[in-house]
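Structure first, commentary second.
The values are calculated or read from the model by the stated rules, or taken from the named source; none is laboratory data. Values in this document were obtained by computation on a predicted structure and should not be read as measured data. No Cβ is skipped: glycine too gets one built from the backbone with ideal geometry, and neighbour counts run over all protein chains shown. Just so you know, the surface numbers come from the protein's heavy atoms only, side chains and all, with ligands and any DNA or RNA stripped out. Shrake-Rupley method; radii C 1.70, N 1.55, O 1.52, S 1.80 Å.
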Amino acid sequence: MPTLNLSANEVLTTTRAVRKRLDFNRPVEMSVLRECLDIALQAPSGSNSQGWHFVIVTDAAKKAAIAELYLKAFDDYEAGPAQPTKQHLDDPSMAPTQERVLSSARYLADNMAHVPAMLIPCCAGRTDTPGLPQGVLASIYGSILPAVWSFMLAARERGIGTCWTTLHLGYEQEVAHLLDIPDDFTQVALIPIAYTQGTEFKTAPRKDLDNVLHTNCW
């Protein structure tokens with residue numbers, strides 16, 4: 001698969017949450033997905049446990065069923081306090097950006113069934129076990145999230161767009177039943193996958209580093 005020949009810095013600073021520029025009409029080859037996942041497997045995991053599993057969904061009926069659940073979850077999210085336009089209320093200059101984020105998220109929710117492929121990364125163990133120590137929980141997520149991010153970076157280098165979503169986890173059991181995911185595995189995300197319409201992406205506007213950097217103390 002030809003790559004974009006981006007530098008490491010370019011890949012890291014232009015891997016966007018792609019929604020409105022996903023190409024729903026161009027299939028994503030399984031060979032390319034496997035290539036990206038082979039790269040993802042080089043990510044670190046706690047104690048080198050490698051307890052990750054990755055479910056690729058391309059079946060139209062299964063995508064539609066997952067998308068229906070995702071849309072239900074999105075409707076609840078949009079009506080709740082965590083949605084984008086209810087963030088950064090102390091900074092009115094952020095309002096246009098947050099409106100665009102919500103519009104983009106709604107577009108993805110309305111079109112989730114049309115993405116060529118979905119990736120559902122899973123990790124061994126249940127993060128919802130009562131009384132699970134914070135350190136154990138952090139280790140479980142820390143042993144899967146770097147691999148998923150590596151997949152997304154590898155996809156970007158190949159002209160493929162992705163977006164980290166988690167709303168379907170409100171219906172995790174239903175999705176697990178649909179995909180035969182074992183009960184002792186935790187789903188951590190749903191990554192829509194499609195080639196992008198155009199491959200040029202810019203760095204995103206971010207608040208200044210000095211607002212979040214603490215040296216030696218808070």
- Which value, in Å² rounded to 10, gives the accessible area of LEU153 with a 1.4 Å probe and all protein chains present? 30 Å²
- Message: At 1.4 Å probe size, with the rest of the protein present, what percent of the exposed accessible area of segment 117-214 is carbon and sulfur atoms?
- Response: 56 percent
- For LYS20, list the aspartates and glutamates whose Cα falls under 13 Å from its own Cα; do not include residues on the same chain fewer than 8 positions away. ASP110
- Task: Name the residues whose placed amide hydrogens come within less than 5 Å of the amide hydrogen of THR162, ignoring near sequence neighbours (fewer than 5 apart) on the same chain.
- Result: VAL18
- Where labels lie 7 Å past Cα in the beta-carbon direction, separation of ILE39 and LEU213 in nm: 2.8 nm
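Ordering SER93, SER139, SER150 from largest to smallest accessible area (1.4 angstrom probe), what's the sequence? List each step's numbers first, then the result.
Working: SER93 85, SER139 60, SER150 35 Å².
So the residues, ranked largest to smallest area, are SER93, SER139, SER150.
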- Query: What distance in nm separates the simple spin-label points at GLU10 and HIS53, each placed 7 Å from Cα in the Cβ direction?
  - Reply: 3.8 nm
- Points 7 angstrom from Cα along the Cβ direction at TYR107 and THR129: gap in nanometres? 4.2 nm
- Task: Could you tell me what percent of the DSSP beta bridges with both partners in the chain are antiparallel, to the nearest 5?
- Result: 95 percent
- Task: Consider the candidate values (i) 7, 29, 37, 23, 3, 0; (ii) 8, 29, 30, 18, 11, 3, 0; (iii) 8, 26, 35, 24, 6, 1, 0; state which one is P(r) over Cα pairs in 10 Å bins from 0, in percent computed from the structure displayed.
- Result: (i)
- Message: Under 10 Å, Cα contacts only: if you run a Gaussian network model on the chain, which one of LEU89, LEU167, LEU41 comes out with the highest mean-square fluctuation?
- Response: LEU89
- Note on the structure: Output row, site ASP184, 7 Å Cα→C-beta label point, backbone N cut-off 20 Å, window segment 90-124, residues 121-124
- With the other protein chains left in place, how much accessible area per residue, in square angstrom, belongs to the chain at a 1.4 angstrom probe? 56 Å²
- Note on the structure: Stretched fully, the stretch from LEU89 through THR199 gains (0.36 nm per residue minus C-alpha distance, one decimal, in nm) 36.3 nm
- Query: Got a sec? Which residues in segment 1-31 would a label at ARG206 touch, if it sits 7 Å along Cα→Cβ and we count backbone N under 18 Å?
  - Reply: 7-18
